[in-house]
Amino acid sequence: MSTPIPVTLGADQARSRLHEFTVIDVRTPGEYASGHLPGAVNIPLDHIRRALPEIRHAAEQGDVLVVCASGARSENACKLLAAEGIVTATLAGGTGAWASEGNDLQRPVACDTRASWSMERQVRFTAGTVVLLGLLLGVLVHPAFLLLSAGIAGGLVFSALTNTCGMAVMLAKLPHNRPRTADLDTALAALRSKR
């Protein structure tokens, strides 16, 4: 069996066909709560393998569009799904590109949301804080703490070169970025019910 090649769609292409797609948002629940494509279900990237049967079912019923904030995580999800024989498309530039072109984002009712910062913002904040802490401790306590700042700098360079982010993986495991069991079960049930 050959591996299907994921398709990349621009925001205009996706908007014109949005009614044809099952949209899967692979961002964290907090990011999803801050605004998502209309009708999107939230299956965070680290839960994609658990959702394979439901995603396969949805793909058998029609086209699947995978989205994230910028397109990097959705591209990784599409590659993972392609390796499982599931044909998907990804949104170039993610929800950021979608919103910048004037398209609406859905937001949950205020009482249902656990909105948080985007993963990119969380990574920038954490990296910046650790770098400043390393510099401060290096000056005030011991110069060896400067290695902490150097380590973060090296990690950022590695992240850019490989288009991966170990810090984002770690931050995604924090409680505010984890899906509630009920939320994930609801998303999986929505995929199972696609006809």
Practice item. Pull up the range 49-73, narrow it to residues that are more than 17 Å from residue 191 (Cα to Cα) and surrounded by 21 or more Cβ atoms within 10 Å (Cβ to Cβ), then point me to the one that is modelled with the highest pLDDT. Key: 68
Point to revise | Pairs where the first residue, in the range 72-91, is over 16 Å from residue 50 (Cβ atoms) and the second is hydroxyl-bearing (Ser, Thr, Tyr) and in a helix (DSSP H, G or I), C-beta under 6 Å, 6+ apart | key: 90/74
Exercise for review: Go through the range 97-116 and give me each residue that's of a type in the set (A, V, I, L, M), surrounded by fewer than 14 Cβ atoms within 10 Å (Cβ to Cβ) and modelled with pLDDT of 80 or more.
Suggested key: 105
Practice item. Just give me the residues in the range 6-29 being of a type in the set (Ser, Thr, Tyr) and closer than 27 Å to residue 185 by Cα, in sequence order. Key: 22, 28
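Conditions (1) in a helix (DSSP H, G or I); (2) in contact with a His (Cβ under 9 Å, 6 or more places away or on another chain); (3) in contact (Cβ under 8 Å) with a residue 12 or more places away in the chain; (4) surrounded by fewer than 16 Cβ atoms within 10 Å (Cβ to Cβ), marked per residue:
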position: 144; (1), (2), (3), (4): yes, no, no, yes
position: 153; (1), (2), (3), (4): yes, no, yes, yes
position: 160; (1), (2), (3), (4): yes, no, no, yes
position: 170; (1), (2), (3), (4): yes, no, no, yes
position: 184; (1), (2), (3), (4): yes, yes, yes, no
Exercise for review: Taking residue 46 as the residue in question, decide whether it is at pLDDT below 90 and farther than 15 Å from residue 95 by Cβ.
Suggested key: yes
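The values are calculated or read from the model by the stated rules, or taken from the named source; none is laboratory data. Fair warning: this is a prediction, and the values are worked out from it, not measured in the lab. With ideal geometry, Cβ positions are generated from the backbone for all residues, glycine too; neighbour counts draw on all protein chains shown.
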